[in-house]
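Have a look at the structure below before the remarks.
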Amino acid sequence: MAMMGIQMDDDLEQKLKRLTNHKHALIMKVEKQLLILDQEHENISMDDLRNKIPENEPRIIAYTYDFLRPSDSKLHHSALILVNPDPSPGGCSAKTVMVYVSSVELPKKAMNATQYLEIKNKNDLTEQWLKNHLVY
């Protein structure tokens, strides 16, 4: 699968297609025109997940989350989150930011994401932020 010169690792694509467990996260990064799995975490909270993301570097996160509705029924979300800090000296370049923005469609299609979210500052990535942005 390719988009604007970026390709997705085949193993990553298969993992994305099978991503269903509550609070399961795949953290992706781009290396040499290839979107690859950087980290995988099962049953991870947003607080712990936030601490796994590097400062001032973009990352794409596939995250599954189950909401309990007032009727006690579950609603399953597959969210794709782009952590996309502003370009900065000592941080990421504008080119790097654009590479990540152009790569988002690859995992989004592979996992059939129910929600796409973008955040600038990784420190804003909290469970409350997620709940506020997911439709349920």
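The values are calculated or read from the model by the stated rules, or taken from the named source; none is laboratory data. None of the values given here were measured: they were computed from a predicted structure. Glycine also receives a Cβ, built like all others from the backbone with ideal geometry; neighbour counts cover every protein chain displayed. For accessibility, only protein heavy atoms count, side chains too; no ligands or nucleic acids. Shrake-Rupley method; radii C 1.70, N 1.55, O 1.52, S 1.80 Å.
Details
- Projected-area average for the stretch 1-51 over all orientations - Cα convex hull basis, square nanometres: 3.9 nm²
- For the chain, the Kirkwood hydrodynamic radius comes to 15.1 Å, computed from all pairs of different C-alpha atoms.
- Residues of type aspartates and glutamates that Lys122 reaches as a straight line, Cα spacing below 13 Å, ignoring anything fewer than 8 places off in the same chain: Asp47, Asp48, Glu55, Glu57, Asp86
- Of all DSSP bridge pairs formed entirely within the stretch 1-131, close to 75 percent run antiparallel.
- Sulfur and carbon atoms: percent of accessible area, the chain [1.4 Å]: 46 percent
- Cross-link table Lys95/Lys131; Lys15/Lys95; Lys108/Lys131; Lys29/Lys95; Lys32/Lys131; Lys52/Lys95, entries beyond 25 Å C-alpha to C-alpha: Lys95/Lys131; Lys15/Lys95; Lys32/Lys131
- Ser88 paired with Asp9, simple spin-label distance in nm, labels 7 Å along Cα-to-beta-carbon: 2.7 nm
- Residues Ser102 and Thr20, FRET efficiency given R0 of 25 Å [Cβ-Cβ distance, rounded to 0.05]: 0.40
- Potential lengthening between His76 and Lys52 on full extension [0.36 nm per residue; Cα-Cα distance subtracted]: 6.3 nm
- Å² of accessible area per residue within the chain, as computed with a 1.4 Å probe and no ligands counted: 53 Å²
- Peptides 23-31, 94-102 ranked from most to least packed, by the mean per-residue count of other Cβ atoms within 10 Å: 23-31, 94-102.
- Per-residue ellipticity at 222 nm computed for the chain from its helices equals -7500 deg cm²/dmol, with DSSP H segments shorter than 4 residues left out and the rest contributing -39,500 (n - 2.57).
- Candidates Lys32, Lys122, Lys109: whichever shows maximal mean-square fluctuation once the chain is modelled as a Gaussian network with Cα springs under 10 Å: Lys32
- Relative packing of peptides 64-73, 46-55 - highest average C-beta neighbours within 10 Å first: 46-55, 64-73
- Taking 0.36 nm per residue of separation and subtracting the current Cα-Cα distance, fully stretching the chain between Tyr116 and His133 would add 5.2 nm.
- Placing unit charges on the Cβ atoms of the charged side chains and taking the dipole of the chain about its Cα centre, the candidate lying farthest along the positive direction among Ser71, Thr20, Ile44 is Ser71.
- Take every DSSP beta bridge whose two residues both sit in the stretch 1-70; close to 85 percent of them are antiparallel.
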